[in-house]
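Structure first, commentary second.
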Amino acid sequence: MAIHIDKTTGLIRLTTKNTEYQMKIDDHGVLQHIWYGGFVNTDMSYLTKYGDVGFSGNPYDVGDDRSYSLDTLPLEYACAGTGDYRIPAVCVTHADGSRVLDLRYEDCRVYAGKYSIPGLPAVYAEEDEAQTLEITLKDIASEVRAVLRYGVMETEDVITRNVKICSGSGAVMLNRAASLCLDLPDGDWDWIHFHGRHMCERMPERRRLLHGIQESSSMRGTTSHQQNCSVILCSPDCTEERGRCIGACLVYSGSFQTQLEYDQLEQTRLIMGLHPELFAWRLETHSEFETPEVILSCSEKGLAQLSHNFHRVIREHICRGNYQYAERPVLINSWEAVYFDFDTDKIVKIARDAAELGVDMLVLDDGWFGERDDDCSGLGDWFVNEKKLPGGLGGLAESIKALGMKFGLWLEPEMVSENSDLYRAHPDWAIRIPGRRPTRGRCQLLLDLSRREVQDYLFDAISKILSSADISYIKWDMNRSICDWYSEELEPAGQRELPHRYVLGLYSLLERLTREFPDVLWEGCSGGGGRFDAGMLYYCPQIWCSDDTDAYERSKIQYGTSFFYPISAVGSHVSTVPNHQTGRVTSLKTRGITAMAGSFGYELNPDALTAWEKEEIREQIRRFKNDRQLIHNGNYYRLTDPMTQNASFWSFVSEDLSEVLVQGMIFRTEPNRKQAALRLAGLDENAVYVNKETGETWSGSALMRGGILLPRPWGDYFGVEIHLEKEGNA
Ligand code: GLA
């Protein structure tokens, strides 16, 4: 049993393999949050004793007890307007214009299995893999209810949360509905968030919590390159291997807000969910609103364990479909090879050369449809450009299949170019405000995906493409941020629903397509990793990680990505040098090593390769295929911090600890340095490990405590790859 309810004391405990989460219904029916961490086997409410804190008011029903205040207590789902002046989780406007909600415990129920959320991606599990707890809170003066749902994944050390807000016999406007409110009794935390920009996503930044509110959010309509919808709170002494940390990851692909408040009593509140600036929802009488889900995990063994928990739950309980576990094909993508400048012959030539190297699939990127010779036209016209590809996609796919390869295709379905037949036929399908000139992004506008007819058009257009040729893969791109929010279909009072309705429309379309075409491998993309989130991973088991393919930069981007997202989800390619984004030259070996730490492929023109480079690529592909299982399903360890150190190293360790792959690079080479030792992690300390190439042996303990000696580097961005195998016991 993972859910324990003591009706006499009001204590509710959720337990997972290593953690315990406690709530308590107090004498006033307020649901307090009293613990999240390792096992304590004690009712932790003894920690929440307060005095009379001035200017922190007291609910009417507590009488003259001035020590009881919603402004100080740790709350499970904090409301606005009732004297808790910290960030609220939920806020409604009632019919009379008042904005107060005072939610108190009503009832709860427990059932086997994991709840699902209609229309939204969420962790899924078999009946015997999870338990669900639903706690209903009700406003003391209206019929508004909040149903707090908890999915307890015992083995994964994960708890998921989502909230359903229900109106009663009166309509209300929902102004804010967070997915997560987590109050922690202390404030001694660092927080790690992931910021960035296009071509530089998910840069981890670790800061001490400061008094007041700190935030990481996106108002771009997507989860964005600029901030990721994931956050870690960790003790100041927390490292990869030691210390307490809590991670939260929103399963959503639109605008979001993560806020942390370090309050007057030096307690911490974490709020995560839809961005309230771009949200309001009309709840008609007797209707419901479901928030997106948050995945929570806690580790007392440092950040590596926390990442393993997230990797496992996302890989095994978010990703779906035929490619969830199937070996991902090694692909070659045409974008950096030829950009818009191609015809059938050029593409077939790339495929033929790549097939000889051992590549499994050719992906035709942007430019194959409509009048699309640059990025200013054609989006929306999903018909093959016969001038470039006479014989259409069917003919091309057959030529590629004849080489023993699969064929994949790029699409950017959510967009429309003004210079397109689609826009000329349906200008009202674009998101724009009548009477205002819209903001363009990469010269393009967005389609209003909240509209069913737009979804249907895209479903039909994409179905036709997929039925017209043997297509094994789709890269689903999305190349701008969203603004000018307005839908012709919504009334003025409902316009603030559009940002969320857009995401619901996108999910509905993806659900239909992935069901209809289960054999297709779907890869997400948004100018690289501008929508890298667990929401998209529910439909696409891999996402193009960044438009920056420079190995040095990529090693940092992939480092940041690895805190939450599994390695199999990371689309990663070897490109040419000088690199097209930075002009940097790195060795083919280093580029191969970096790209292999993901779902691997190439993005270059093989025609330009020397015979020696071709031989090296053949060998890379052979090695990747050999190690693919270990890379995608093994435990991943970050061995250095590339943001502050002169090297980027990581490793994969098989579940039974018998196989180890260490990869990485030394950034800057300096003469006359002592040969560096790299401390490994996650090994069996009592075992002997042998270097498969040199035959040298060490104990696991020596490799973890003393480290493995790295070769003396020659040249910058010096790539290193070491295979170790368990040979026996030390
Ligand atoms: C985005 C993608 C690239 C490529 C281009 C094509 O930037 O991230 O990989 O597909 O679009 O226009």
Could you list, in sequence order, the residues of segment 500-520 that are within 27 Å of residue 366 (Cα to Cα), assigned to a helix (DSSP H, G or I) and open to solvent by 10 Å² or more (accessible area, probe 1.4 Å)? 504, 508, 511, 512, 514, 515, 516
Residues (within 14 Å of the ligand (Cβ to nearest atom), open to solvent by less than 10 Å² (accessible area, probe 1.4 Å) and not hydrophobic (A, V, I, L, M, F, W, C)) located in segment 532-549: 542, 546, 548, 549
Determine which member of the set 553, 523 is touching a residue at least 24 places away in the same chain (Cβ under 8 Å), within 16 Å of the ligand (Cβ to nearest atom) and not in a helix (DSSP H, G or I). 523
Among the residues of segment 355-375, which ones are closer than 22 Å to residue 528 by Cβ and either away from the ligand (no atom under 12 Å from the Cβ) or in contact with a helix residue (DSSP H, G or I) (Cβ under 9 Å, 6 or more places away or on another chain) (or both)? 359, 361, 362, 363, 364, 365, 366, 367, 368, 369
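Listed here are the residues, each with its yes/no results for (1) farther than 26 Å from residue 55 by Cβ; (2) assigned to a loop (DSSP other than H, G, I, E, B).
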{"position": "65", "(1), (2)": "no, yes"}
{"position": "69", "(1), (2)": "no, yes"}
{"position": "77", "(1), (2)": "no, yes"}
{"position": "83", "(1), (2)": "no, yes"}
{"position": "88", "(1), (2)": "no, yes"}
{"position": "97", "(1), (2)": "no, yes"}
{"position": "104", "(1), (2)": "no, no"}
{"position": "109", "(1), (2)": "yes, no"}
{"position": "114", "(1), (2)": "yes, yes"}
Suppose the filter is modelled with pLDDT of 95 or more, open to solvent by less than 10 Å² (accessible area, probe 1.4 Å) and more than 16 Å from the ligand (Cβ to nearest atom); does residue 252 pass it? yes
Among the candidates 435, 378, residue that is in a loop (DSSP other than H, G, I, E, B), small (Gly, Ala, Ser), more than 16 Å from the ligand (Cβ to nearest atom) and over 21 Å from residue 608 (Cβ atoms): 435
When segment 642-661 is examined, which residues are found to be within 15 Å of residue 554 (Cα to Cα), surrounded by fewer than 17 Cβ atoms within 10 Å (Cβ to Cβ) and touching a residue at least 24 places away in the same chain (Cβ under 8 Å)? 643
Scanning segment 445-483 for residues that are small (Gly, Ala, Ser) and either open to solvent by less than 10 Å² (accessible area, probe 1.4 Å) or over 18 Å from residue 275 (Cβ atoms) (or both) gives 461, 463, 467, 468, 469, 472
In segment 695-710, what residues are open to solvent by 50 Å² or more (accessible area, probe 1.4 Å) and either outside any loop (DSSP other than H, G, I, E, B) or closer than 13 Å to residue 647 by Cα (or both)? 697, 698, 705, 709
Residue check, residue 386 against (1) over 30 Å from residue 507 (Cα atoms); (2) in contact (Cβ under 8 Å) with a residue 12 or more places away in the chain; (3) assigned to a loop (DSSP other than H, G, I, E, B), all met but one. Which one? (2)
Which residues, counting only those in segment 148-172, are open to solvent by 10 Å² or more (accessible area, probe 1.4 Å) and assigned to a strand (DSSP E or B)? 149, 164, 166, 172
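So that you can scan it fast, the table gives a plain yes or no per residue for (1) under 30 Å from the mean Cα position of the chain (by Cα); (2) free of Cβ contacts under 8 Å to residues at least 24 places away in the same chain:
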{"site": "11", "(1), (2)": "no, no"}
{"site": "17", "(1), (2)": "yes, no"}
{"site": "27", "(1), (2)": "no, yes"}
{"site": "33", "(1), (2)": "yes, no"}
{"site": "49", "(1), (2)": "no, yes"}
{"site": "57", "(1), (2)": "no, no"}
{"site": "61", "(1), (2)": "no, no"}
Which members of segment 450-508 meet the condition of being among the basic types (Lys, Arg), within 16 Å of the ligand (Cβ to nearest atom) and over 18 Å from residue 539 (Cα atoms)? 480
Evaluate the following for residue 486: is it open to solvent by 40 Å² or more (accessible area, probe 1.4 Å) and out of contact with any Lys or Arg (no Cβ under 8 Å at 6 or more places or on another chain)? no
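The values are calculated or read from the model by the stated rules, or taken from the named source; none is laboratory data. The model shown is predicted, which means the values in this text are computed figures rather than measured ones. Heads up, the Cβs are rebuilt from the backbone with ideal geometry, glycines too, and the neighbour counts pull from every protein chain shown. Heavy atoms of the whole protein, side chains included, go into the accessibility calculation; ligands, DNA and RNA do not. Shrake-Rupley method; radii C 1.70, N 1.55, O 1.52, S 1.80 Å.
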